[in-house]
Amino acid sequence: MTASLERLAPVWFTIALFALWEASCRLLSIDPFILPAPSEVFAALVQYWRPVLRHSLVTLWTTMAGFAMAVVFGIALGLVVGWSRTIYRGIYPVLVGFNTIPKVAVVPVLVIWFGIGEIPAILTAFLISFFPIVVNVATGLATMEPELEDVLRALGAKKLDIMTKVGIPRALPYLFGSLKVAITLAFVGSVVSETIAANAGIGFLMAQAGANFQMPLVFAGLLALAVEGIAMYGLFALVERRMTRWAFRSQGSAAA
Amino acid sequence: MTPFVALDGVTLTYRGAAGDVTALSGTSLTVGRGEFAAVVGPSGCGKSTLMKLVTGLVPPTEGRVTVDGAAVTGPVKIAGMAFQNPNLLPWRTVVDNVLLPLEIVEPHRRRFRAERKRYKAEAEALLATVGLAGFGERFPWELSGGMQQRASLCRALIHEPALLMLDEPFAALDAFTREELWCVLRDLWERIGFTVILVTHDLREAAFLADTVHVMSARPGRIVTSRRVELPRPRDLEVCFEPPFVELVHELRGRIAEMRAA
Ligand SMILES: Nc1ncnc2c1ncn2[C@@H]1O[C@H](COP(=O)(O)OP(=O)(O)O)[C@@H](O)[C@H]1O
Ligand SMILES: [Mg+2]
C-alpha cells in the first residue's frame with residue numbers, strides 16, 4: 001500500500017502541479033499572454049499536434065546525434081585523460097576552461113561555419129554534453145585503488161592489462177551515471193541553437209510562436225521538450241541500473 | 001640456507017614536491033627459501049615500502065635487492081600480494097577474482113581461455129582449503145570481511161608464487177577472525193611451502209606464524225633486530241598461552257619500546 005503510494009508519488013505530484021497552475025491562472029485571472037493555463041496549453045497541443053510532433057522529432061534527432069558524438073568522443077578522451085596522471089594534470093585545466101565558455105556564445109560561430117540548420121544544433125548538443133562524460137570516465141580510471149594496481153603490476157601486468165581488467169570495468173558506473181546528465185545537457189544545447197539559428201526543431205517552433213504571441217503554443221513546445229527530456233533521462237537511468245548492477249549492490253561501490 | 005630474498009644496504013628516498021622523504025635507510029635483511037619471515041615496526045617506518053622494493057615495484061635509491069639469486073630490476077612476477085583491504089573486484093564473482101592473476105601471468109595467460117574449466121576447478125579447490133567451498137559463484141559483497149580476506153589470500157596464491165608478500169593482511173579483522181586466519185595461513189604455508197614476508201604490527205601474530213621476526217626502527221626504517229622463533233611446529237593457538245611464547249612477545253615488545261625511546 002505505502003510502497004505503491006511511493007511509486008505513484010511522481011504522478012500525483014505532477015497532477016497536483018498542473019492543478020495548482022490551472023487554479024492560479026483562473027483565480028488570479030492571469031493574462032494568457034503572460035502565463036497560459038494548462039487547459040489552454042493542452043488545447044494548443046491538440047490543435048497543433050502535427051507541427052509539434054514534427055519539430056519534436058527534429059529536436060530528438062539533433063540531440064541524439066550530438067549526444068552520440070559526445071559519448072564516442074567523451075569515452076575516448078576520458079580514457080586518454082585517465083590513462084596517466086601527467087596527461088590528467090595537463091589536459092584537465094584546459095577542459096575546465098573550455099567548459100566554462102557559455103555554449104550560446106559558440107552558436108553564432110557555428111552558424112558562420114556551417115550555416116543555419118541542423119549541424120549547429122548537433123554540434124552545440126555535442127559541445128555541451130561531452131564534458132561530464134570525459135570527467136566521469138577519467139575519474140573512474142584515476143581513482144583506482146593503488147594497492148590493487150600494485151598486486152597486478154607485481155605480476156608483470158602492463159598498463160593495458162590493468163586498464164582492461166580493472167580500470168575500464170571500474171569506470172563503467174561513472175560513465176553510465178554521466179550519460180543521464182549528458183543527455184539532459186544535450187537537449188539544452190540543441191534547443192538553444194535551434195532558438196537562435198534553425199528552421200526546424202522545438203526551439204525554432206517556440207521562437208516562432210513567441211514572435212506571433214501564441215503563448216499556449218510556446219508552452220506546448222516546452223511540454224513536448226520536457227516529455228522528451230524525461231523519457232531520455234529515464235532510458236539512461238534504466239541502462240545504468242542494467243549495466244552496473246554490482247555498483248548498486250555493493251556498499252563500498254565507486255558510483256555515487 | 002641460501003638467501004631467497006636479500007636486501008643489502010638499501011636506502012629509499014621518495015622524491016616529492018613538498019620535499020624528499022627517506023623511508024628506508026641502510027636496510028639489510030635476508031629471508032631463506034621457504035622461510036616464514038615477519039616484519040614488525042611502528043606505523044610509517046617503511047614496511048610497505050619494503051614490500052614494494054622486494055616485489056620490484058620501486059627501485060632502491062641505494063643498495064641492492066635480490067630475489068632468487070637475481071638482482072631485482074622490475075616487477076618480480078613470482079610474487080603474490082595481499083593487503084589489509086581485500087581489494088576484490090565487485091563486478092567479478094569470488095572465483096573470477098581468484099582467477100585474475102592467471103589472466104596476467106604467463107604461461108597461464110596463454111592457456112587461460114582454452115583451459116578455463118580446469119583453472120576454475122583449481123580455484124574452487126583452493127577456495128575450499130580456506131573454508132570457502134561453495135562460495136565461488138557469490139559476489140564479494142555477499143561475503144564477510146574475513147571471508148573476503150580468505151579469497152584475497154587465494155588470489156595471491158592461485159598462480160603458485162614462490163614468494164607471498166602480505167602487508168598487514170589481518171589488521172582490519174576482529175580478534176577471533178584474525179586468529180582463524182592465522183591458522184588458514186599457517187596451513188597453506190605448511191602444505192605448499194612458499195616463502196612468506198608478512199608485515200604486521202601485531203607481535204603475537206608475528207610470533208605465532210613466523211620463523212624469524214625482524215624488528216624495524218622508526219622512519220627512516222632499518223632492521224634493528226632479527227629474532228628467530230624457536231617454538232616447535234606444527235603450532236596451534238594454544239601455544240600463544242604458554243610461557244615461551246609470552247616471553248618472546250614480551251621481549252619483542254621490549255625491543256620496540258627501547259627503540260622508540262632512543
Ligand atoms: N609514494 C610515496 N611518496 C612519498 N612518500 C611516501 C610514499 N609512500 C610512502 N611514503 C612515506 O614513506 C614513509 C614510509 O611509508 P610506508 O612504507 O607506507 O610505511 P608503513 O607501511 O610502515 O606504515 C612514510 O613516512 C610515508 O609518508
Ligand atoms: Mg603500510
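See the values below:
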| quantity | calculated |
| --- | --- |
| Residue in region B:102-112 that is touching a strand residue (DSSP E or B) at 6+ places or on another chain (Cβ under 6 Å), in contact (Cβ under 8 Å) with a residue 12 or more places away in the chain and not assigned by TED's automatic domain parsing to the domain that holds B:V184 present | no |
| Matching residues, region A:194-208, being surrounded by fewer than 23 Cβ atoms within 10 Å (Cβ to Cβ) and in contact (Cβ under 8 Å) with a residue 40 or more places away in the chain | A:I196, A:A197, A:N199, A:A200 |
| Scan of region A:1-34 for residues that are surrounded by 14 or more Cβ atoms within 10 Å (Cβ to Cβ) and at pLDDT below 90, ordered by number | A:I30, A:P32 |
| Identity of the residue in region B:17-28, among the aliphatic types (A, V, I, L, M) and within 16 Å of ligand 2 (Cβ to nearest atom), that ends up farthest from B:G221 (Cα to Cα) | B:V21 |
| Strands (runs of 3 or more DSSP E) fully within region B:147-228 counting 2 or more residues that are within 14 Å of another protein chain (Cβ to nearest Cβ) and within 15 Å of ligand 1 (Cβ to nearest atom) | B:163-167, B:195-200 |
| Residue match in region B:88-111 (condition: farther than 16 Å from A:D161 by Cβ, of a type in the set (A, V, I, L, M) and within 12 Å of chain A (Cβ to nearest Cβ)) | yes |
| Lone qualifier among A:V151, A:V134, A:V166 - being among the hydrophobic types (A, V, I, L, M, F, W, C) and farther than 24 Å from B:L57 by Cα | A:V134 |
| Qualifying positions in region B:41-84 - charged (D, E, K, R) and either within 13 Å of another protein chain (Cβ to nearest Cβ) or within 16 Å of ligand 2 (Cβ to nearest atom) (or both) | B:K47, B:K52, B:K77 |
| Residue check for A:I183: under 20 Å from A:L110 (Cβ atoms) and either surrounded by fewer than 19 Cβ atoms within 10 Å (Cβ to Cβ) or of a type in the set (V, I, T) (or both) | no |
| Sole residue being in contact (Cβ under 8 Å) with a residue 60 or more places away in the chain, part of a helix (DSSP H, G or I) and of a type outside the set (D, E), chosen from B:T22, B:T66, B:T27, B:T49 | B:T49 |
| Failed condition for B:R109, given (1) more than 15 Å from ligand 1 (Cβ to nearest atom); (2) crowded, with 20+ Cβ neighbours inside 10 Å; (3) within 23 Å of A:E149 (Cα to Cα) | (2) |
| Among (1) more than 14 Å from chain A (Cβ to nearest Cβ); (2) within 16 Å of ligand 2 (Cβ to nearest atom); (3) in contact with an Asp or Glu (Cβ under 9 Å, 6 or more places away or on another chain), the one test that B:Y14 misses | (1) |
| Residue, surrounded by the fewest Cβ atoms within 10 Å (Cβ to Cβ), within region A:110-153, restricted to residues that are closer than 30 Å to B:I78 by Cβ and of a type in the set (V, I, T) | A:T143 |
| Criterion: in the same structural domain as B:V67 (by TED's automatic domain parsing), crowded, with 18+ Cβ neighbours inside 10 Å, under 20 Å from B:A151 (Cβ atoms) and in contact with a Pro (Cβ under 8 Å, 6 or more places away or on another chain) - qualifying residue of B:F194, B:F170 | B:F194 |
| Single residue of B:T49, B:T66, B:T73, B:T61 found to be near ligand 1 (Cβ under 8 Å from one of its atoms), of a type in the set (V, I, T) and over 12 Å from the mean Cα position of the chain (by Cα) | B:T49 |
| Leading residue by the ranking (farthest from the other protein chains (Cβ to nearest Cβ)) among those in region B:117-146 that are basic (K, R) and under 21 Å from B:P90 (Cβ atoms) | B:K120 |
| Residue list for region B:8-46, restricted to those being within 13 Å of ligand 1 (Cβ to nearest atom), within 19 Å of B:H214 (Cα to Cα), surrounded by 15 or more Cβ atoms within 10 Å (Cβ to Cβ) and of a type in the set (S, T, Y) | B:T11, B:S25, B:T27 |
| Selection count where residues are β-branched (V, I, T) and at the interface with chain B (Cβ under 7 Å from one of its Cβ atoms), scope region A:148-166 | 2 |
| Enumeration of residues in region A:30-62 that are in contact (Cβ under 8 Å) with a residue 60 or more places away in the chain and over 30 Å from A:L20 (Cβ atoms) | A:R54, A:V58, A:T62 |
| Region B:187-229: number of residues that are aromatic (F, W, Y) and more than 14 Å from the chain's Cα centre (by Cα) | 1 |
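Yes/no matrix, rows are residues, columns are (1) polar (S, T, N, Q); (2) modelled with pLDDT of 90 or more; (3) outside any helix (DSSP H, G or I):
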residue: B:N87; (1), (2), (3): yes, yes, yes
residue: B:N97; (1), (2), (3): yes, yes, no
residue: B:L100; (1), (2), (3): no, yes, no
residue: B:A123; (1), (2), (3): no, yes, no
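The values are calculated or read from the model by the stated rules, or taken from the named source; none is laboratory data. In this text, all values refer to a predicted model and were calculated from it rather than measured experimentally. Glycine also receives a Cβ, built like all others from the backbone with ideal geometry; neighbour counts cover every protein chain displayed.
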